[in-house]
Amino acid sequence: MTPGARASAAIEVLADIEARKRPASEALKDWGLAHRFAGSGDRAAIGNLVFDALRKRASSAYAMGEDSPRALVLRTLVTSWHKTPEEVAALADGSRHAPEPLSEAELAGLKREMPADAPAPIRGDYPDWLEPLFVRAFGVRAGAEGAALAERAPVDLRVNTLKTTREKVLKALQRFSPTPTSLSPTGVRILQAPGPGRGPHVEAEAGHGKGWYEVQDEGSQVAALLAGAKAKAQIIDLCAGGGGKTLALAALMQNTGQLYAYDSDRVRLRPIFERLKRAGVRNAQVLAAGDTAALAALGGKMDVVVIDAPCTGSGVWRRRPDAKWRLGPQMLEARLKEQAEVLEEGAPLVKPGGRLAYITCSVLPPENRDQVEAFLTRHPEFKLIPSRQLWEEGLPETPQRPSADGSEDTLLMTPSSHGTDGFFVAVLQCER
């Protein structure tokens, strides 16, 4: 396909997403099934263009004076793919499968610079209704933090120390130019270049099949490191899902002690079995989804209860940019209710002197600090452990970086402050 044909296809997919209000991945899959002539390189380029357009939808619409799929794609070719306005005009020549020629207004929009005094939601590419929450979290940096969440994310891997070392993984993947992560001692990072190129398919590599590594953002790795997992401990991953943090915890426990994995949803939990086997995990027991009696039997016995809580996912917008435009106040309220419920479910499992680690991939205060403070009001027997202490215990060789929201007893990581996705970590100790 020509560059113009790829642009037209991206416009078509964005129109489908807007009309049917569905995830971008579904729209892209259906487009590919209906256009089987498109090669893998074409599909990757179209997907990149769609996701890049969604990442910067607000700023593109502001510059172009409209938010049509055509306007978003044309602007994205300039801002994210680094084409000149003249190059975009050349590919939009109205030939077969190419977009129609640019109007004078469109060409002016492609040349327009973003003014420094543009509203923060425009500069930060996030929904207007979230402005008060972004200001609460970041103050005058709200726009800049949003903009960082609107960039492409790297591919981060967590090395499985039960089977190999970071040095071996770096060597095995050297054709992708991997580098060690700056915070996680077991992390590997592969950068993705802008434009149409396909990202590295690391899960197709032999090392992944051998259980040497898992795809996991560095922020998620750090959250697991700060939770307090140690050898021979009794730990439960209460919202285990597909098992990303379960695998990280098992490695930190050196395959000793007892690690329980639980999730209320059996569909989310299903992939964990193959992943545990591939990783060589021997100390994990997967509880049946929704088996509250099995949970109750663990009451007061856990050294660490890890709650990777359901959330809006505002911290992972780099990877799921369409999600931020589907997010609304009702969805936020639903997640807040679920978070409070799972905290109440986890609290009785912590033994005296044990810890409860509350983790979200959100940057919104109601899901983070507000949720923790409400829990402490209901459970005065718990006390926050300062993040500096957690860092010294979990990352003793890594200089600490301050929380993005200025807190000293909880930690908020963001692309700007830590080079990770947005993750919040609070660890509380039970003093009953």
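The values are calculated or read from the model by the stated rules, or taken from the named source; none is laboratory data. A quick note: this is a predicted structure, and the numbers were derived from the prediction, not measured. Methodologically, a virtual Cβ is constructed for each residue, glycine included, from the backbone with ideal geometry; neighbour enumeration extends over all protein chains shown. The protein model used for the area step is the full one, side chains on, heavy atoms only, and it has no ligands, DNA or RNA in it. Shrake-Rupley method; radii C 1.70, N 1.55, O 1.52, S 1.80 Å.
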(request) Could you list, in sequence order, all residues of segment 286-328 that are surrounded by fewer than 19 Cβ atoms within 10 Å (Cβ to Cβ) and among the aromatic types (Phe, Trp, Tyr)? (result) 325
(request) Given the conditions (1) closer than 26 Å to residue 243 by Cβ; (2) buried (at least 16 other Cβ atoms within 10 Å of the Cβ), report the number of the one that residue 167 does not fulfil. (result) (2)
(request) Given the conditions (1) modelled with pLDDT of 95 or more; (2) closer than 30 Å to residue 327 by Cβ, report the number of the one that residue 101 does not fulfil. (result) (2)
(message) Checking the structure you have, find out if any residue of segment 106-113 is in a loop (DSSP other than H, G, I, E, B) and open to solvent by less than 20 Å² (accessible area, probe 1.4 Å).
(response) no
(request) Would you mind stating whether residue 254 is at pLDDT 95 or above, touching a strand residue (DSSP E or B) at 6+ places or on another chain (Cβ under 7 Å) and either open to solvent by 60 Å² or more (accessible area, probe 1.4 Å) or over 22 Å from residue 208 (Cβ atoms) (or both)? (result) no
(request) Scan (1) among the charged types (D, E, K, R); (2) surrounded by fewer than 14 Cβ atoms within 10 Å (Cβ to Cβ); (3) within 34 Å of the chain's Cα centre (by Cα) for the single condition residue 70 breaks and write down its number. (result) (2)
(request) Quick one: which helices (runs of 4 or more DSSP H) lie wholly within segment 1-102 and hold at least 3 residues that are closer than 30 Å to residue 120 by Cβ? (result) 3-20, 24-34, 40-55, 57-64, 69-79
(message) Condition check: closer than 30 Å to residue 265 by Cβ, open to solvent by 10 Å² or more (accessible area, probe 1.4 Å) and either among the hydroxyl-bearing types (Ser, Thr, Tyr) or in contact with an Asp or Glu (Cβ under 8 Å, 6 or more places away or on another chain) (or both). Does residue 351 satisfy that?
(response) yes
(request) Go through (1) closer than 20 Å to residue 426 by Cα; (2) outside any strand (DSSP E or B); (3) among the β-branched types (Val, Ile, Thr) and name the single condition residue 235 misses. (result) (2)
(message) Just to be sure I understand the filter: pairs with C-beta atoms under 9 Å, separated by 6 or more residues or on different chains, first member in segment 247-268 and farther than 19 Å from residue 342 by Cα and touching a residue at least 60 places away in the same chain (Cβ under 8 Å), second member of a type in the set (Lys, Arg) and buried (at least 23 other Cβ atoms within 10 Å of the Cβ). Which pairs pass?
(response) 247/158; 248/158; 251/158
(request) Please work out which residue is surrounded by the fewest Cβ atoms within 10 Å (Cβ to Cβ), limiting yourself to segment 182-232 and to residues that are in a loop (DSSP other than H, G, I, E, B) and among the hydroxyl-bearing types (Ser, Thr, Tyr). (result) 182
(message) Name the residue that is nearest to residue 323 (Cα to Cα), counting only residues in segment 74-92 that are in contact with a Pro (Cβ under 8 Å, 6 or more places away or on another chain) and not aromatic (Phe, Trp, Tyr).
(response) 80
(message) Of the residues 117, 125, only one is on the phi > 0 side of the Ramachandran plot and either loosely packed, with under 14 Cβ neighbours inside 10 Å or modelled with pLDDT of 95 or more (or both); which?
(response) 125
(message) Pairs needed: first member in segment 219-232, without any contact (Cβ under 8 Å) to a residue 60 or more places away in the chain; second member anywhere, open to solvent by 10 Å² or more (accessible area, probe 1.4 Å) and small (Gly, Ala, Ser); C-beta distance under 7 Å; at least 6 residues apart or different chains.
(response) 231/257; 232/257
(request) Answer yes or no as to whether residue 268 is part of a helix (DSSP H, G or I) and modelled with pLDDT under 95. (result) yes
(message) With the structure loaded, tell me whether residue 28 is surrounded by 18 or more Cβ atoms within 10 Å (Cβ to Cβ) and within 30 Å of residue 118 (Cα to Cα) or whether it fails that test.
(response) no
